[in-house]
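Peer 1: Sharing a structure below in structure tokens format, with a few things to ask.
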């Protein structure tokens, strides 16, 4: 098996994932998973595709991720891993799709409009 390369995005975070056979090591920006994502929730989000498909300790993962915050980055990595597992074995699609792991979340920050304080908030209105 050669290296599978997939991209995942969330908000402004972009994750490039390189999946190869190995012992289950996950390296993110040249750091260990637990070092890069310190909270258990974020670690769960990253490993969720492996847990659902039952391929926990069969692949080594190298990730380059940039942009956004840590939650957006974790979800971008999750999407990229799900896409890579689907390319590896088409049967994984049936497990990952109902969980919503193959759906690109389109929600982005709304832009600030001129003449306003923020995207929706206005400056205080004075009648007199």
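Peer 1: What is the Cα centroid distance between segment 101-128 and segment 43-85, reported in whole angstrom?
Peer 2: For segment 101-128 versus segment 43-85, the Cα centre distance is 31 Å.
Peer 1: So, one more: Could you give log10 I(q)/I(0) at q = 0.16, 0.17 Å⁻¹ for segment 4-97, computed by the Debye formula over C-alpha point scatterers of equal weight, without solvent?
Peer 2: With no solvent term, the Cα-only Debye profile gives -0.55, -0.63.
Peer 1: Efficiency by 1/(1 + (r/R0)^6): what FRET value for residue 27 and residue 97, r their Cβ-Cβ distance, R0 = 22 Å, to the nearest 0.05? Mind dumping the intermediate values first?
Peer 2: On the way: r = 27 Å, r/R0 = 1.23.
Once rounded, the FRET efficiency stands at 0.20.
Peer 1: Compute the long axis of helix 40-53 from its Cα atoms, compare it with the longest principal axis of the Cα atoms of the chain, and write down the angle in degrees, 0 to 90, nearest 10.
Peer 2: So the inclination is approximately 50 degrees.
Peer 1: If I stretch the segment between residue 113 and residue 3 completely, what's the gain in nm (0.36 nm per residue apart, minus their alpha carbon distance), one decimal?
Peer 2: Full extension of this stretch gives 35.2 nm more.
Peer 1: Can you tell me the 0 to 90 degree angle between the C-alpha axis of helix 70-88 and the longest principal axis of the chain, rounded to 10?
Peer 2: 40
Peer 1: By count of other Cβ within 10 Å, fewest leading, how are 35, 75 ordered?
Peer 2: On the way: 35 11, 75 23.
Result, fewest neighbours first: 35, 75.
Peer 1: How big is the antiparallel share of DSSP beta bridges in segment 4-97, given as a percent to the nearest 5? Mind showing how you got there, number by number?
Peer 2: Working: 17 of 20 bridges.
Given both bridge residues lie in segment 4-97, the antiparallel proportion sits at roughly 85 percent.
A short reminder: the numbers here are calculations on the coordinates, not readings from a lab. These numbers were taken from a predicted model, which means no experiment stands behind them. Please note: Cβ atoms are built from the backbone with ideal geometry, for glycine as well, and neighbour counts cover all protein chains shown.
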